[in-house]
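Read through the structure below, which is laid out as structure tokens, and then see the notes.
The values are calculated or read from the model by the stated rules, or taken from the named source; none is laboratory data. For clarity, every value in this text was computed on a predicted model and none was experimentally measured. Neighbour counts run over all protein chains shown; Cβ positions are idealised from the backbone, glycine included.
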Amino acid sequence: MPAPTHPTSRPFLRHSGALLALCVGALLAACQPQNEQTAAAATPPVGHYEGSLGAAGQAGARATLDIRHPSPGHYEAEFTAPGTLSFVADTIVFSNNQLRLSRPARPGQTLALTLDGDFWRGTLTLDSTKVTTLLVKRGVPTPTAYRTEEVPQATGSAWLFAPADTDTPGAALVLLPDAETAPTAAIWADALAREGVIVLLLPPADSATAAEETPRLQAALRLLHGTSGADTTNIGMWAAGNRAATLASLLTGPGAPRAAFFIAQNTVVDANTRAAFRELRSRKMPLLALYGGAGALARSAAMRNALGGRRGAAVRVYRAAGADLLVPGSLGPVFGPGLPGEVVEWLRGQ
């Protein structure tokens, strides 16, 4: 059984997270010095591969795979495909010409390939769906779009998605999904990171009390403030469901975490949350409320009443999308109409 291996942690992160040094090879149980790796480990072939995905009865879709070797003993892999299928792998296993890639925070999505000359042949697994994949080598790998780092938490791992380009400071946010939106939250983290937004994806929480969320948020904000490439004046939060309601109350309480903006997803506005959102409105915090799924129209109307017409606050409804703001597609979910562009545009305007 090959030992799972992880891409290298990014040099532009000042945070010490989980060990991400990549050890490739079936017989490696732990990271070894470079000279030992050279002798003992098989290494995945670096390059840019192009090809297609094919599901039974459907037209093929274009796909690419980039395998990179950024430093001695370290490898990275990035899979690019239509819709929401693209990802930078957090785990790379290579042995006996077989490659297996896993997607961060989406354990149901894996890519398993076998090397045959210049070809990779295999299967992209999307939970219970399997898609045939064929890729051929076309040259050197393209530059990476973003990198990931696993950050262990007491309640499960968080994931940091950060653009590879750190020369231009950009917005950063803490993403707090609820149980309903957690399965697809990594799709949003991937999409925003590709647009230059740093995202720290926290694990879902069974409860969303102020006592539990406050230390999580404070630690998350500290990490983002210490991440190279983050505009420290433009770090905000995105929360879904009850976590958004709790967060709205936290941001108006004593000793509140300092956030530059707030995105609330599918938040139910009741008497308590209405007061909190009105207080945020009076403090002129930029607010974006997003709604999809059952009850979206009624919930969005209540949020509009709470926020009023203040400049900087926006309420948007995506009637065709579910609560996760995605719609079903032939190869997995896709973004609702106008997404993710409308969210990215709003973030850039803050």
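Return a yes/no flag: does region 224-237 have any residue that is assigned to a helix (DSSP H, G or I), touching a strand residue (DSSP E or B) at 6+ places or on another chain (Cβ under 6 Å), within 18 Å of Ala260 (Cβ to Cβ) and modelled with pLDDT of 95 or more. Before you say what the answer is, go through the steps one by one.
Initially, region 224-237 is screened for residues assigned to a helix (DSSP H, G or I), giving 224-225.
The next check asks that each one be touching a strand residue (DSSP E or B) at 6+ places or on another chain (Cβ under 6 Å); those that pass are 224-225.
Checking which are within 18 Å of Ala260 (Cβ to Cβ) leaves us with 224-225.
So of that shortlist, the ones also modelled with pLDDT of 95 or more come out as 224-225.
The answer is yes; a qualifying residue exists.
Mind listing whichever residues of region 205-223 are in a loop (DSSP other than H, G, I, E, B) and without any contact (Cβ under 8 Å) to a residue 40 or more places away in the chain? So that I can check it myself, show each step before the final result.
So the first thing to find is which residues in region 205-223 are in a loop (DSSP other than H, G, I, E, B), and the list is 205-209.
Of everything in region 205-223, those that are in a loop (DSSP other than H, G, I, E, B) and without any contact (Cβ under 8 Å) to a residue 40 or more places away in the chain turn out to be Asp206, Ser207, Ala208, Thr209.
Looking only at region 100-132, count how many residues are within 25 Å of Ala193 (Cα to Cα) and not charged (D, E, K, R). Lay out the reasoning, then the answer.
We begin by selecting, within region 100-132, every residue within 25 Å of Ala193 (Cα to Cα); these are 100-112, 124-127.
Okay, now just the ones that are also not charged (D, E, K, R), so 101-102, 104-105, 107-112, 124-126.
Of the residues in that region, 13 qualify.
I'm trying to understand the selection: among the residues of region 72-110, which are among the aliphatic types (A, V, I, L, M), touching a residue at least 60 places away in the same chain (Cβ under 8 Å) and out of contact with any helix residue (DSSP H, G or I) (no Cβ under 6 Å at 6 or more places or on another chain)? Step through it out loud before you land on a result.
Our first condition is that a residue be among the aliphatic types (A, V, I, L, M); within region 72-110, this holds for 77, 81, 85, 88-89, 92-93, 99, 101, 105.
Filter once more, keeping what is touching a residue at least 60 places away in the same chain (Cβ under 8 Å): 77, 81, 85, 88-89, 92-93, 105.
Matches in region 72-110: Ala77, Ala81, Leu85, Val88, Ala89, Ile92, Val93.
Does Ala185 qualify as being closer than 19 Å to Gly108 by Cβ, assigned by TED's automatic domain parsing to the domain that holds Ala219 and buried (at least 20 other Cβ atoms within 10 Å of the Cβ)?
yes
Is it true that some residue in region 186-193 is β-branched (Val, Ile, Thr), more than 14 Å from Asp324 (Cα to Cα) and under 9 Å from the mean Cα position of the chain (by Cα)? Give the steps one after another, and end with the answer.
First, pick out the residues of region 186-193 that are β-branched (Val, Ile, Thr): 187.
Now drop any that are not more than 14 Å from Asp324 (Cα to Cα), which leaves none.
Within region 186-193, none of the residues are β-branched (Val, Ile, Thr), more than 14 Å from Asp324 (Cα to Cα) and under 9 Å from the mean Cα position of the chain (by Cα).
Against the condition under 24 Å from Arg348 (Cα atoms) and either buried (at least 19 other Cβ atoms within 10 Å of the Cβ) or not assigned by TED's automatic domain parsing to the domain that holds Ala193 (or both), how does Leu173 come out, does it pass?
Judged against the criteria, Leu173 is a match.
Considering only residues that are touching a Phe, Trp or Tyr at 6+ places or on another chain (Cβ under 9 Å) and surrounded by fewer than 18 Cβ atoms within 10 Å (Cβ to Cβ), look in region 77-99 and name the one that is modelled with the lowest pLDDT.
Gly83
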